[in-house]
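Readers should treat all values here as calculations from the given coordinates under stated rules, not as data from a laboratory. Everything numeric in this text was worked out from a predicted model, so none of it was measured. Cβ placement follows ideal geometry from the backbone for every residue including glycine, while neighbour counts extend to all protein chains displayed.
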Amino acid sequence: MVVIGNGIEQALSDRLFRSMFEERKRVFVDLLGWDIPVLAGRYEIDQFDDDEATYIVVTDGTGEHCGSARLLRTDRPHILDTIFPYLCDDIPPAGPTVREITRFCLARRLKARERLATRNRLVSALVEHALCNGITTYTGVAEWVWFQQILAFGWQCLPLGRPSNADRGLSAMRIDISPATPGLLRQSGIFTSIQLMDLDRAAA
């Protein structure tokens with residue numbers, strides 16, 4: 001199942017989404033060593049986790065968190081324009097139909113095959129969510145090795161500037177989403193049809 005949550009208050013009220021914040025702490029703080037806030041020693045939550053954030057969570061057959069991503073509006077402060085504007089040669093894409101993908105997270109407990117399947121489901125969910133909500137462009141920041149994988153997915157993805165030599169090869173990107181995107185991703189074996197469910201329906 002893929003569950004959509006809107007806003008930090010709704011997310012923190014649900015066990016699944018609280019486990020997402022716990023997994024973010026295990027991945028980004030414990031594993032990768034990022035110097036970012038941790039709430040109550042358990043939850044990785046920063047200043048962008050607010051009422052405007054959207055969360056997409058992929059679950060396994062038992063309803064446990066397997067992977068997730070956070071989407072930020074770009075017509076208000078977000079990571080690319082606030083923290084990493086120097087990664088872009090020009091002003092980064094922004095507007096009501098542009099969202100920034102952040103905190104793309106796969107559960108550490110997953111084995112290699114499960115990680116790949118979860119990654120593909122999460123990417124597919126991002127595309128389905130965009131097509132259902134009038135989102136035409138995603139932006140994001142990724143380390144160079146991960147960025148190269150994203151480019152190889154086969155969708156319309158372009159760098160927004162040169163990689164930063166000072167920041168683990170961080171690169172900024174834009175991904176254009178259209179009705180043709182599922183077919184492009186299906187050619188590379190990534191896209192699978194996903195049914196999205198909002199948190200209220202999932203909890204009913």
_In whole Hz and in residue order, list the ³J(HN,Hα) couplings for segment 140-155 that follow from phi through the Karplus curve 6.51 cos²θ - 1.76 cosθ + 1.60, θ = phi - 60°; x for Gly and Pro._
x, 10, 8, 5, 4, 4, 5, 4, 4, 5, 4, 4, 7, 5, x, 7
*Enumerate the calculated ³J(HN,Hα) couplings along segment 29-34 in order (Karplus 6.51 cos²θ - 1.76 cosθ + 1.60, θ = phi - 60°), each rounded to whole Hz, writing x wherever the residue is Gly or Pro.*
9, 5, 8, 8, x, 5
*Taking θ as phi - 60°, what are the ³J(HN,Hα) couplings along segment 99-107 by the Karplus curve (6.51, -1.76, 1.60), each to the nearest whole Hz, with x for Gly and Pro?*
10, 9, 7, 9, 6, 5, 9, 10, 4
*Amide proton proximity set for T137, modelled H, under 5 Å, gap of 5+*: R99, I177
*Note the full-extension length gain between D198 and R42 as 0.36 nm times their separation in residues minus their Cα-Cα distance, in nm to one decimal.*
53.7 nm
*Inter-part distance where segment 1-63 and segment 88-138 are each reduced to a Cα centre, Å*: 15 Å
_Tell me the label only: which of (1) 105; (2) 209; (3) 119 is volume of the Cα convex hull per residue in Å³ as calculated from this structure?_
(3)
*Mind listing the long-range amide H neighbours of G169? Cut-off is under 5 Å, sequence gap 5 or more, other chains count too, H placed in the peptide plane at 1.01 Å from N.*
S164
*Pair L32, N6: separation of 7 Å Cα→Cβ label points (nm)*: 2.7 nm
_What does DSSP give for the chain in terms of the percent of beta bridges that are antiparallel, rounded to the nearest 5?_
80 percent
*asked:* What does the C-alpha gyration tensor say about the overall shape of segment 1-70? Classify as rounded when a/c is under 1.5, otherwise prolate if a/b is larger than b/c, or oblate.
replied: oblate
*Considering the dipole of the chain built from charges on the beta carbon (Lys and Arg +1, Asp and Glu -1) around the Cα centre, which of V57, L72, S13 is farthest to its positive end?*
V57
*What residue among R76, R113, R162 shows peak mean-square fluctuation when the chain is described by a Gaussian network model with Cα springs under 10 Å?*
R113
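For segment 51-96, what does the alpha-carbon gyration tensor say about shape, rounded, prolate or oblate, given a ≥ b ≥ c as the root eigenvalues, a/c under 1.5 as rounded, and a/b over b/c as prolate?
Prolate, since a/c reaches 1.5 and a/b exceeds b/c.
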*For segment 33-191, what is the charge dipole size about the Cα centre, in debye to the nearest 20, if Lys and Arg each add +1 at the Cβ and Asp and Glu each add -1 at the Cβ?*
720 debye
